[in-house]
Amino acid sequence: MFTRIALAAMLGGLISGTCLAADFDPLDQEQIGGLRYGLSEAAFKKEIACAPTRGPEEFAGADGAWHQDWKYPDCGITLGTVSNKKRGVKTIESITVSRPSALATKKGIKIGSTKAAVVTAYKTHQNKELSQSSDGFAVGTAYALLMFDFADGRVSSIFLGVGAE
């Protein structure tokens, strides 16, 4: 799924954001449950009851930061984290939820919500070009992205975060 999001994000980076409502930035105005972009490690640890499996820390030359995935399979949550130095304090860079997560966006969309509910909740903020390139429903830009994927007309995953660097 991340490959699809990254592809959509890269394509979106090439597309002008003129189709977006200028007053909505998913990174500033959206969250999933108590999780949001930029949330500190101490705060996100309090929000998630499950134990994480942490991936390797990887340095990215594009932004000069250290990135690490924290996976909570029992909760259906994956966090992309970032820090300024190796083994440094992390903040959330991206959030992906899937089954069995029951977390919802501020507009009440969660895993299992209908595609119609997503359209109703976010239609004024939809990035149509990014949505078409990903076959999902995208809000924002490649650099501030809220993405819904569907299976059988229902939300199967939700992504919030930086889709491209």
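What follows is calculated from the coordinates using simple rules that are stated; it is not laboratory data. No experiment lies behind these values; they were computed from the predicted model shown. Virtual Cβ from ideal backbone geometry, glycine too; neighbours counted across all protein chains shown.
By the count of neighbouring beta-carbon atoms within 10 Å, fewest first, C50, C75 end up ordered C50, C75. Structural size metrics of the stretch 53-125, computed from C-alpha coordinates, are Rg and Dmax of 15.4, 43 Å. Between E58 and A116, the FRET efficiency estimated from the beta carbon spacing at R0 = 45 angstrom works out to 0.70. Under 5 Å from the amide H of F150 lie the amide H atoms of S156, each residue being 5 or more positions distant or on a separate chain, with H modelled from the backbone and absent for Pro and chain starts.
Just tell me the longest site-free run in the chain, where the sites are trypsin sites (Lys or Arg not before Pro) in a DSSP loop having at most 16 other beta-carbon atoms within 10 Å. That would be 1-84. Counting only alpha carbon atoms, the long axis of helix 2-14 and the longest principal axis of the chain meet at about 60°. Sequence-ordered 3J(HN,Hα) estimates for the stretch 140-152 from the Karplus curve with 6.51, -1.76 and 1.60 and θ = phi - 60° stand at x, 10, 4, 9, 8, 10, 10, 10, 10, 9, 10, 9, 6 Hz, glycine and proline given as x. At q = 0.08, 0.10, 0.12 Å⁻¹, what is the base-10 log of I(q)/I(0) for the chain according to the Debye formula with one equal point scatterer per Cα and no solvent? Please give it to two decimals. For the requested q values the scattering log ratios are -0.21, -0.34, -0.49.
Work through the residues other than G140 whose Cβ is under 13 Å from its Cβ and net out their charges, Lys, Arg +1 and Asp, Glu -1. That works out to -4.
Convex hull volume per residue, computed on the Cα atoms of the stretch 90-165, equals 91 Å³. A Förster distance of 41 Å, applied to the separation of the beta-carbon atoms of F24 and C50, puts the FRET efficiency at 0.85.
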